[in-house]
Amino acid sequence: MNKKYIMTPGPTAISEDVLLEHARPLMHHRTPEFSEIFSAVTKKLKKLMKTENDLFILTSSGTGGMEAAITNAFSKGDKVLVANLGKFSDRFAKISKVFGLEVISLDYEWGNPINPEDIKEMLDKNPDIKGVMFQFCETSTGITNNAEAFGNIVKNYNAISIVDAISGIGASDLQADNWNLDIVIGGSQKALSAPTGAAFISVSDKAWKLIEKSNIPRFYFNLLDAREAASRKPPQTPWTPGISIIVAMNKALDMLFEEGLENAFRRHAILAKTTQKAVEKIGLELFVKDEDARSSSVTAVMVPEGVDGKKITSMMRTKYGVQIAGGQGKLKGKIFRIGHLGWFGIFDTIIAISALEMTLKDLGYGFDFGEGVAEAQKVFYENSYLE
Ligand SMILES: Cc1ncc(COP(=O)(O)O)c(C=O)c1O
(Lines give C-alpha, C1' and ligand atoms only; values in the text may rest on other atoms or scores of the structure.)
Protein backbone atom coordinates (compact mmCIF):
# COMPACT_ATOMS: atom_id res chain seq x y z
CA MET A 1 0.00 0.00 0.00
CA ASN A 2 1.35 3.41 -0.94
CA LYS A 3 -1.01 6.15 0.18
CA LYS A 4 -1.11 9.13 -2.19
CA TYR A 5 -0.86 12.77 -1.21
CA ILE A 6 -1.35 15.74 -3.55
CA MET A 7 0.88 18.57 -2.44
CA THR A 8 1.14 20.57 -5.62
CA PRO A 9 0.11 24.20 -6.05
CA GLY A 10 -3.00 22.89 -7.79
CA PRO A 11 -4.99 20.89 -8.26
CA THR A 12 -5.17 20.49 -4.51
CA ALA A 13 -6.55 17.68 -2.35
CA ILE A 14 -10.31 17.76 -1.86
CA SER A 15 -11.98 17.17 1.51
CA GLU A 16 -14.44 14.31 2.00
CA ASP A 17 -17.24 16.83 2.60
CA VAL A 18 -16.66 18.50 -0.75
CA LEU A 19 -16.28 15.15 -2.54
CA LEU A 20 -19.62 14.03 -1.12
CA GLU A 21 -21.31 17.15 -2.48
CA HIS A 22 -19.68 16.55 -5.84
CA ALA A 23 -21.09 13.01 -5.82
CA ARG A 24 -24.70 14.12 -5.29
CA PRO A 25 -27.12 12.99 -8.01
CA LEU A 26 -26.97 15.42 -10.89
CA MET A 27 -29.59 18.16 -10.89
CA HIS A 28 -30.64 19.89 -14.10
CA HIS A 29 -29.25 23.39 -14.50
CA ARG A 30 -32.56 25.00 -15.51
CA THR A 31 -34.24 24.21 -12.19
CA PRO A 32 -34.98 26.33 -9.12
CA GLU A 33 -32.88 23.88 -7.09
CA PHE A 34 -29.73 24.55 -9.13
CA SER A 35 -30.48 28.28 -9.56
CA GLU A 36 -30.45 28.69 -5.82
CA ILE A 37 -27.03 27.04 -5.50
CA PHE A 38 -25.68 28.91 -8.52
CA SER A 39 -26.75 32.28 -7.09
CA ALA A 40 -25.33 31.38 -3.69
CA VAL A 41 -21.95 30.38 -5.15
CA THR A 42 -21.79 33.58 -7.20
CA LYS A 43 -22.49 35.59 -4.06
CA LYS A 44 -19.90 33.69 -2.03
CA LEU A 45 -17.24 34.11 -4.72
CA LYS A 46 -17.86 37.87 -4.66
CA LYS A 47 -17.42 37.79 -0.90
CA LEU A 48 -14.17 35.87 -1.38
CA MET A 49 -12.92 38.40 -3.91
CA LYS A 50 -14.25 41.29 -1.80
CA THR A 51 -16.11 42.76 -4.74
CA GLU A 52 -19.49 44.17 -5.69
CA ASN A 53 -18.58 43.86 -9.37
CA ASP A 54 -20.31 41.37 -11.67
CA LEU A 55 -18.92 37.88 -11.37
CA PHE A 56 -19.32 34.93 -13.74
CA ILE A 57 -18.51 31.27 -13.37
CA LEU A 58 -17.06 29.75 -16.54
CA THR A 59 -16.82 26.06 -17.31
CA SER A 60 -13.11 25.83 -17.97
CA SER A 61 -9.84 25.63 -16.17
CA GLY A 62 -8.17 28.86 -15.12
CA THR A 63 -6.63 29.45 -18.53
CA GLY A 64 -10.12 29.78 -20.00
CA GLY A 65 -10.69 32.63 -17.56
CA MET A 66 -7.47 34.28 -18.74
CA GLU A 67 -8.53 33.91 -22.37
CA ALA A 68 -12.01 35.23 -21.57
CA ALA A 69 -10.52 38.34 -19.96
CA ILE A 70 -8.35 39.08 -22.97
CA THR A 71 -10.82 38.30 -25.76
CA ASN A 72 -13.60 40.28 -24.09
CA ALA A 73 -11.74 43.34 -22.91
CA PHE A 74 -9.69 44.23 -25.95
CA SER A 75 -9.89 44.88 -29.68
CA LYS A 76 -7.43 43.78 -32.34
CA GLY A 77 -4.23 45.81 -32.28
CA ASP A 78 -4.79 47.13 -28.75
CA LYS A 79 -1.64 47.68 -26.76
CA VAL A 80 -1.38 45.75 -23.50
CA LEU A 81 1.28 45.53 -20.83
CA VAL A 82 2.17 42.17 -19.31
CA ALA A 83 4.29 42.06 -16.17
CA ASN A 84 6.24 38.98 -17.17
CA LEU A 85 7.93 37.11 -14.36
CA GLY A 86 7.09 33.47 -14.83
CA LYS A 87 5.31 30.78 -16.78
CA PHE A 88 1.80 32.06 -16.09
CA SER A 89 2.46 35.71 -16.80
CA ASP A 90 4.06 34.59 -20.02
CA ARG A 91 0.78 32.82 -20.79
CA PHE A 92 -0.98 36.21 -20.64
CA ALA A 93 1.50 37.45 -23.26
CA LYS A 94 0.99 34.37 -25.45
CA ILE A 95 -2.82 34.54 -25.38
CA SER A 96 -2.72 38.26 -26.13
CA LYS A 97 -0.51 37.67 -29.17
CA VAL A 98 -2.75 34.88 -30.47
CA PHE A 99 -5.66 37.33 -30.49
CA GLY A 100 -3.76 40.06 -32.31
CA LEU A 101 -2.84 42.39 -29.47
CA GLU A 102 0.35 44.37 -29.31
CA VAL A 103 2.13 43.14 -26.22
CA ILE A 104 4.63 45.12 -24.21
CA SER A 105 6.34 42.61 -22.00
CA LEU A 106 7.82 44.03 -18.83
CA ASP A 107 10.30 41.26 -18.12
CA TYR A 108 11.64 40.43 -14.70
CA GLU A 109 14.17 37.85 -13.75
CA TRP A 110 12.15 34.84 -12.58
CA GLY A 111 12.01 34.78 -8.79
CA ASN A 112 11.52 38.54 -8.44
CA PRO A 113 8.24 40.34 -7.81
CA ILE A 114 6.89 43.22 -9.88
CA ASN A 115 8.02 46.65 -8.85
CA PRO A 116 4.78 48.68 -9.07
CA GLU A 117 6.81 51.79 -9.92
CA ASP A 118 7.85 50.10 -13.19
CA ILE A 119 4.20 49.78 -14.13
CA LYS A 120 3.67 53.45 -13.50
CA GLU A 121 6.66 54.34 -15.63
CA MET A 122 5.44 52.17 -18.52
CA LEU A 123 1.96 53.67 -18.35
CA ASP A 124 3.39 57.18 -18.34
CA LYS A 125 5.49 56.36 -21.39
CA ASN A 126 2.67 54.55 -23.21
CA PRO A 127 -0.62 56.32 -22.46
CA ASP A 128 -2.33 54.22 -25.17
CA ILE A 129 -1.98 51.01 -23.14
CA LYS A 130 -5.47 49.52 -22.76
CA GLY A 131 -4.78 46.91 -20.15
CA VAL A 132 -2.18 45.76 -17.67
CA MET A 133 -1.98 42.10 -16.69
CA PHE A 134 -0.23 40.35 -13.87
CA GLN A 135 -0.43 37.38 -11.51
CA PHE A 136 -1.43 37.81 -7.87
CA CYS A 137 0.50 34.62 -7.15
CA GLU A 138 2.94 33.58 -9.88
CA THR A 139 2.80 29.86 -9.17
CA SER A 140 5.80 28.95 -11.30
CA THR A 141 8.21 30.90 -9.10
CA GLY A 142 6.35 31.14 -5.77
CA ILE A 143 5.90 34.91 -5.81
CA THR A 144 2.99 36.96 -4.51
CA ASN A 145 2.78 40.37 -6.15
CA ASN A 146 1.60 43.54 -4.52
CA ALA A 147 -1.85 43.64 -6.12
CA GLU A 148 -2.91 46.58 -3.99
CA ALA A 149 -0.14 48.87 -5.24
CA PHE A 150 -0.67 47.65 -8.77
CA GLY A 151 -4.43 48.28 -8.85
CA ASN A 152 -4.08 51.68 -7.26
CA ILE A 153 -1.61 52.74 -9.93
CA VAL A 154 -3.56 51.45 -12.93
CA LYS A 155 -6.78 53.11 -11.75
CA ASN A 156 -5.26 56.51 -12.58
CA TYR A 157 -4.89 55.64 -16.27
CA ASN A 158 -7.21 54.67 -19.11
CA ALA A 159 -6.00 51.09 -18.85
CA ILE A 160 -7.77 48.37 -16.92
CA SER A 161 -6.04 45.95 -14.56
CA ILE A 162 -6.41 42.21 -15.17
CA VAL A 163 -5.31 40.01 -12.31
CA ASP A 164 -4.78 36.27 -12.51
CA ALA A 165 -5.55 35.33 -8.90
CA ILE A 166 -6.04 31.67 -9.79
CA SER A 167 -3.57 30.29 -7.25
CA GLY A 168 -3.70 33.20 -4.81
CA ILE A 169 -7.37 33.76 -4.11
CA GLY A 170 -8.44 32.10 -0.87
CA ALA A 171 -4.86 31.67 0.32
CA SER A 172 -3.93 35.36 0.54
CA ASP A 173 -6.11 38.40 1.04
CA LEU A 174 -7.27 40.00 -2.18
CA GLN A 175 -9.58 43.01 -2.10
CA ALA A 176 -10.77 43.54 -5.66
CA ASP A 177 -12.81 46.69 -4.98
CA ASN A 178 -10.61 48.40 -2.40
CA TRP A 179 -7.59 47.82 -4.61
CA ASN A 180 -9.37 48.88 -7.83
CA LEU A 181 -8.80 45.61 -9.66
CA ASP A 182 -10.94 45.61 -12.81
CA ILE A 183 -10.88 41.97 -13.85
CA VAL A 184 -9.93 39.24 -11.40
CA ILE A 185 -9.74 35.58 -12.37
CA GLY A 186 -9.91 32.60 -10.03
CA GLY A 187 -10.08 28.82 -10.36
CA SER A 188 -11.91 26.04 -8.54
CA GLN A 189 -8.97 23.69 -8.06
CA LYS A 190 -6.53 25.80 -6.04
CA ALA A 191 -7.20 27.30 -2.60
CA LEU A 192 -10.89 26.41 -2.80
CA SER A 193 -9.95 22.73 -2.99
CA ALA A 194 -12.90 21.98 -5.22
CA PRO A 195 -12.85 19.78 -8.33
CA THR A 196 -11.08 21.06 -11.42
CA GLY A 197 -13.02 22.68 -14.23
CA ALA A 198 -14.47 26.01 -13.12
CA ALA A 199 -12.98 29.47 -13.51
CA PHE A 200 -14.55 32.63 -12.15
CA ILE A 201 -14.07 36.17 -13.29
CA SER A 202 -15.12 39.53 -11.87
CA VAL A 203 -15.70 42.53 -14.11
CA SER A 204 -15.71 46.23 -13.10
CA ASP A 205 -17.68 49.03 -14.77
CA LYS A 206 -14.44 50.34 -16.28
CA ALA A 207 -13.84 46.90 -17.85
CA TRP A 208 -17.42 46.67 -19.15
CA LYS A 209 -16.85 49.85 -21.16
CA LEU A 210 -14.06 48.09 -23.04
CA ILE A 211 -15.97 44.81 -23.31
CA GLU A 212 -18.95 46.53 -24.90
CA LYS A 213 -16.81 47.71 -27.80
CA SER A 214 -14.36 44.82 -28.11
CA ASN A 215 -14.10 43.31 -31.62
CA ILE A 216 -12.11 40.14 -30.94
CA PRO A 217 -14.04 37.10 -32.22
CA ARG A 218 -15.29 34.94 -29.37
CA PHE A 219 -18.24 32.69 -28.78
CA TYR A 220 -18.12 30.34 -25.79
CA PHE A 221 -16.47 32.89 -23.50
CA ASN A 222 -18.58 35.90 -24.46
CA LEU A 223 -19.11 37.83 -21.24
CA LEU A 224 -21.92 39.88 -22.80
CA ASP A 225 -23.85 36.61 -23.21
CA ALA A 226 -22.93 35.64 -19.67
CA ARG A 227 -24.21 38.99 -18.40
CA GLU A 228 -27.49 38.65 -20.31
CA ALA A 229 -28.03 35.11 -18.97
CA ALA A 230 -27.17 36.21 -15.44
CA SER A 231 -29.76 39.00 -15.64
CA ARG A 232 -32.60 36.51 -16.19
CA LYS A 233 -34.85 35.60 -13.28
CA PRO A 234 -33.61 33.29 -11.89
CA PRO A 235 -30.01 33.86 -13.06
CA GLN A 236 -28.72 31.47 -15.71
CA THR A 237 -25.58 30.66 -17.64
CA PRO A 238 -25.56 30.83 -21.46
CA TRP A 239 -24.46 27.19 -21.75
CA THR A 240 -24.67 24.09 -19.59
CA PRO A 241 -22.46 24.88 -16.59
CA GLY A 242 -20.25 22.44 -14.67
CA ILE A 243 -23.19 21.64 -12.43
CA SER A 244 -21.53 19.22 -10.02
CA ILE A 245 -18.40 21.38 -9.75
CA ILE A 246 -20.53 24.35 -8.74
CA VAL A 247 -22.39 22.24 -6.18
CA ALA A 248 -19.03 21.14 -4.76
CA MET A 249 -17.71 24.73 -4.79
CA ASN A 250 -20.69 25.75 -2.67
CA LYS A 251 -19.54 23.41 0.08
CA ALA A 252 -15.88 24.40 -0.33
CA LEU A 253 -16.79 28.07 0.06
CA ASP A 254 -18.91 27.33 3.13
CA MET A 255 -15.95 25.57 4.71
CA LEU A 256 -13.71 28.53 3.95
CA PHE A 257 -16.14 31.04 5.47
CA GLU A 258 -16.71 28.76 8.45
CA GLU A 259 -12.99 28.87 9.12
CA GLY A 260 -13.09 32.61 8.48
CA LEU A 261 -11.17 34.25 5.65
CA GLU A 262 -8.69 35.94 7.94
CA ASN A 263 -8.01 32.63 9.72
CA ALA A 264 -7.53 30.90 6.38
CA PHE A 265 -5.03 33.53 5.25
CA ARG A 266 -3.19 33.18 8.55
CA ARG A 267 -3.13 29.38 8.22
CA HIS A 268 -1.66 29.65 4.74
CA ALA A 269 0.97 32.16 5.87
CA ILE A 270 2.00 29.91 8.78
CA LEU A 271 2.22 26.83 6.55
CA ALA A 272 4.36 28.79 4.09
CA LYS A 273 6.68 29.95 6.85
CA THR A 274 6.90 26.44 8.31
CA THR A 275 7.81 25.01 4.91
CA GLN A 276 10.38 27.73 4.23
CA LYS A 277 12.13 27.29 7.58
CA ALA A 278 12.10 23.49 7.35
CA VAL A 279 13.77 23.36 3.95
CA GLU A 280 16.30 26.00 4.96
CA LYS A 281 17.14 23.96 8.05
CA ILE A 282 18.30 21.06 5.88
CA GLY A 283 20.51 23.38 3.87
CA LEU A 284 18.28 24.05 0.89
CA GLU A 285 17.94 27.49 -0.63
CA LEU A 286 14.61 29.19 -1.29
CA PHE A 287 14.16 30.40 -4.85
CA VAL A 288 12.53 33.71 -3.90
CA LYS A 289 15.06 35.84 -2.04
CA ASP A 290 12.68 38.68 -1.14
CA GLU A 291 10.99 37.37 2.00
CA ASP A 292 7.99 39.67 1.64
CA ALA A 293 7.33 38.41 -1.88
CA ARG A 294 7.16 34.73 -0.93
CA SER A 295 3.82 33.19 -1.69
CA SER A 296 1.51 31.72 0.95
CA SER A 297 0.28 29.20 -1.64
CA VAL A 298 3.50 27.57 -2.78
CA THR A 299 7.16 27.43 -1.79
CA ALA A 300 9.78 27.20 -4.53
CA VAL A 301 13.04 25.53 -3.48
CA MET A 302 16.33 25.36 -5.38
CA VAL A 303 17.54 21.88 -6.27
CA PRO A 304 20.82 21.39 -4.39
CA GLU A 305 24.10 20.96 -6.27
CA GLY A 306 24.77 17.44 -7.41
CA VAL A 307 21.14 16.26 -7.15
CA ASP A 308 19.01 15.52 -10.20
CA GLY A 309 16.00 17.82 -9.74
CA LYS A 310 13.67 15.72 -11.85
CA LYS A 311 14.40 12.71 -9.66
CA ILE A 312 13.29 14.59 -6.53
CA THR A 313 9.71 14.98 -7.77
CA SER A 314 9.50 11.57 -9.44
CA MET A 315 10.91 9.67 -6.46
CA MET A 316 8.74 11.53 -3.98
CA ARG A 317 5.73 10.49 -6.04
CA THR A 318 6.60 6.93 -6.94
CA LYS A 319 8.41 5.78 -3.80
CA TYR A 320 6.71 7.88 -1.12
CA GLY A 321 3.35 8.69 -2.72
CA VAL A 322 3.81 12.45 -2.28
CA GLN A 323 3.16 14.52 -5.36
CA ILE A 324 4.88 17.88 -5.39
CA ALA A 325 5.62 20.00 -8.48
CA GLY A 326 8.82 20.44 -10.40
CA GLY A 327 10.09 23.59 -12.05
CA GLN A 328 8.36 24.85 -15.19
CA GLY A 329 9.84 26.21 -18.40
CA LYS A 330 13.40 27.37 -17.84
CA LEU A 331 13.25 26.29 -14.19
CA LYS A 332 12.75 22.61 -15.07
CA GLY A 333 15.18 20.55 -12.99
CA LYS A 334 16.38 23.69 -11.16
CA ILE A 335 13.64 24.12 -8.58
CA PHE A 336 10.84 22.11 -7.05
CA ARG A 337 7.66 23.49 -5.57
CA ILE A 338 5.72 22.40 -2.51
CA GLY A 339 2.10 23.48 -2.46
CA HIS A 340 0.43 24.33 0.85
CA LEU A 341 -2.89 25.75 -0.20
CA GLY A 342 -6.51 24.86 0.18
CA TRP A 343 -7.56 21.93 2.34
CA PHE A 344 -4.10 21.68 3.83
CA GLY A 345 -2.85 21.64 7.40
CA ILE A 346 0.31 21.35 9.43
CA PHE A 347 0.41 17.55 9.30
CA ASP A 348 0.32 17.71 5.51
CA THR A 349 3.34 20.01 5.63
CA ILE A 350 5.12 17.57 7.93
CA ILE A 351 4.39 14.73 5.49
CA ALA A 352 5.79 16.82 2.62
CA ILE A 353 8.98 17.67 4.51
CA SER A 354 9.41 14.11 5.75
CA ALA A 355 9.04 12.64 2.24
CA LEU A 356 11.41 15.29 0.89
CA GLU A 357 14.04 14.37 3.47
CA MET A 358 13.77 10.65 2.69
CA THR A 359 14.00 11.35 -1.04
CA LEU A 360 17.04 13.60 -0.62
CA LYS A 361 18.70 10.92 1.48
CA ASP A 362 17.99 8.37 -1.27
CA LEU A 363 19.57 10.74 -3.77
CA GLY A 364 22.75 11.11 -1.73
CA TYR A 365 22.28 14.67 -0.47
CA GLY A 366 24.12 15.14 2.80
CA PHE A 367 22.24 16.74 5.68
CA ASP A 368 21.12 16.03 9.23
CA PHE A 369 18.30 13.62 8.64
CA GLY A 370 15.13 14.58 10.52
CA GLU A 371 16.08 18.20 11.16
CA GLY A 372 13.64 19.57 8.61
CA VAL A 373 10.72 17.77 10.23
CA ALA A 374 11.85 18.89 13.68
CA GLU A 375 12.11 22.49 12.46
CA ALA A 376 8.63 22.31 10.91
CA GLN A 377 7.24 21.13 14.24
CA LYS A 378 9.11 23.82 16.15
CA VAL A 379 8.15 26.70 13.83
CA PHE A 380 4.57 25.55 13.73
CA TYR A 381 4.40 25.09 17.49
CA GLU A 382 5.60 28.66 18.02
CA ASN A 383 3.17 30.10 15.45
CA SER A 384 0.29 27.64 15.58
CA TYR A 385 -3.07 28.50 14.06
CA LEU A 386 -4.64 25.75 16.19
CA GLU A 387 -6.36 26.68 19.47
C1 LIG B 1 -1.21 31.55 -11.53
C2 LIG B 1 -1.86 30.58 -12.44
N3 LIG B 1 -2.42 31.03 -13.57
C4 LIG B 1 -3.01 30.22 -14.43
C5 LIG B 1 -3.04 28.87 -14.22
C6 LIG B 1 -3.64 28.00 -15.24
O7 LIG B 1 -4.76 27.40 -14.75
P8 LIG B 1 -5.32 26.07 -15.40
O9 LIG B 1 -4.24 25.06 -15.38
O10 LIG B 1 -6.45 25.80 -14.45
O11 LIG B 1 -5.78 26.42 -16.76
C12 LIG B 1 -2.46 28.33 -13.08
C13 LIG B 1 -2.46 26.88 -12.83
O14 LIG B 1 -1.55 26.28 -12.36
C15 LIG B 1 -1.85 29.21 -12.16
O16 LIG B 1 -1.28 28.76 -11.05
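The values are calculated or read from the model by the stated rules, or taken from the named source; none is laboratory data. Just so you know, these numbers come straight off a predicted model, no measurement behind them. FYI the Cβ positions are ideal-geometry reconstructions off the backbone, even for glycines, and counts take in every protein chain you see. The accessibility values were calculated without ligands, DNA or RNA, using every heavy atom of the protein model including side chains. Shrake-Rupley method; radii C 1.70, N 1.55, O 1.52, S 1.80 Å.
Accessible surface area normalised per residue over segment 1-98 is 46 Å², counting heavy atoms of protein chains with a 1.4 Å rolling probe. Spacing of the modelled spin labels on residue 240 and residue 99, each 7 Å from Cα toward Cβ, amounts to 2.6 nm. According to the square roots a ≥ b ≥ c of the eigenvalues of the Cα gyration tensor, what is the shape class of segment 87-129, taking rounded for a/c under 1.5, prolate for a/b larger than b/c otherwise, and oblate for the remainder? Oblate. Each label point was placed 7 Å from the Cα along the Cα-to-Cβ direction; for residue 156 and residue 24 their separation is 4.8 nm.
Within straight-line reach of residue 289, meaning a Cα separation under 22 Å, sit the following lysines at least 8 residues removed in sequence or on another chain: 87, 273, 277, 281, 330, 332, 334.
Quick one: ranking 302, 1 by accessible area, 1.4 Å probe, largest first, what do you get? Don't skip to the end; give the middle numbers.
Numbers: 302 60, 1 210 Å².
If we order 302, 1 from most to least accessible, we get 1, 302.
Using only alpha carbons, segment 1-79 has a radius of gyration to Kirkwood radius ratio (Rg to Rh) of 1.06. Classify segment 159-273 as rounded, prolate or oblate from the Cα gyration tensor: take a ≥ b ≥ c as the square roots of its eigenvalues, call it rounded if a/c is under 1.5, otherwise prolate when a/b beats b/c and oblate if not. Note, shape of segment 159-273 comes out oblate.
Please work out how much length the chain gains when fully extended from residue 254 to residue 387, using 0.36 nm per residue of separation minus the C-alpha to C-alpha distance, in nm with one decimal. Don't skip to the end; give the middle numbers.
Working: separation 133, 0.36 × 133 = 47.88 nm, distance 2.06 nm.
Stretched fully, the residue 254-residue 387 segment lengthens by 45.8 nm.
For a modelled paramagnetic label at residue 371, 7 Å from Cα along Cα-to-Cβ, no residue of segment 345-362 is in reach, as no backbone nitrogen comes under 13 Å. May I ask which residue of 241, 92, 180 lies farthest towards the positive end of the charge dipole of segment 16-257, with charges of +1 (Lys, Arg) and -1 (Asp, Glu) on Cβ and the Cα centre as origin? My answer, from the dipole projection, is 241. Sorting the segments 108-119, 65-76 by their residues' average number of neighbouring beta-carbon atoms within 10 angstrom, most packed first, yields 65-76, 108-119. This model, with +1 at the C-beta of Lys and Arg and -1 at the C-beta of Asp and Glu, gives segment 16-257 a dipole about its Cα centre of some 660 debye. With R₀ set to 25 Å, the beta-carbon distance separating residue 263 from residue 117 gives a calculated FRET efficiency near 0.15.
Give me the number: length gained by fully extending residue 205 to residue 124, i.e. 0.36 nm times residue separation minus the C-alpha to C-alpha distance, one decimal in nm. Display every interim value, and only then the final one.
Details: separation 81, 0.36 × 81 = 29.16 nm, distance 2.29 nm.
Between residue 205 and residue 124, full extension yields an extra 26.9 nm.
Shape of segment 27-139 from its Cα gyration tensor (a ≥ b ≥ c, root eigenvalues): rounded if a/c is under 1.5, otherwise prolate when a/b > b/c, or oblate? Verdict is prolate for segment 27-139.
Within the full protein context, the accessible area of residue 36 is estimated at about 140 Å² for a probe radius of 1.4 Å. Could you run the Debye sum over the Cα atoms of the chain, one equal point scatterer each and no solvent, and tell me log10 of I(q)/I(0) at q = 0.06, 0.12 Å⁻¹, two decimals? Each listed q maps to, in turn, -0.23, -0.91.
If I model segment 126-186 as equal point scatterers sitting on the Cα atoms and use the Debye formula, what is log10 I(q)/I(0) at q = 0.15, 0.17, 0.25, 0.27 Å⁻¹? Log10 of I(q)/I(0), two decimals: -0.40, -0.50, -0.99, -1.12.
Over 32 Å between C-alpha atoms is what I'm after, so list which of 3/97; 97/155; 44/206; 94/209; 47/319 land there. Display every interim value, and only then the final one.
On the way: 3/97 43 Å; 97/155 24 Å; 44/206 23 Å; 94/209 24 Å; 47/319 41 Å.
Cα-Cα > 32 Å for 3/97; 47/319; rest within.
At the residue level, residue 4 shows approximately 150 square angstrom of accessible surface with a 1.4 angstrom probe and all protein chains present.
For the listed peptides 95-101, 143-149, a ranking on the average number of other beta carbons within 10 Å per residue, highest first, reads 143-149, 95-101.
Mind checking the dipole of segment 35-88: about its Cα centre, +1 per Lys or Arg Cβ, -1 per Asp or Glu Cβ, Debye to the nearest 20?
Working: 8 positive and 5 negative charges, 40 e Å.
Rounded to the nearest 20 debye, it is 200 debye.
From most to least packed by mean Cβ count within 10 Å, the peptides 351-360, 257-266 give 351-360, 257-266. What's the carbon and sulfur percent of the chain's accessible surface, probe 1.4 angstrom, rounded to a whole number? Using a 1.4 Å probe with all protein chains present, the chain comes out at 51 percent carbon and sulfur. When the charge dipole of the chain is built from unit charges on Cβ atoms (+1 for Lys and Arg, -1 for Asp and Glu) and taken about the Cα centre, the candidate among 321, 169, 137 whose Cα reaches farthest toward its positive end is 321.
For the chain, the longest principal axis of the C-alpha atoms and the axis of helix 32-49 are separated by about 70°.
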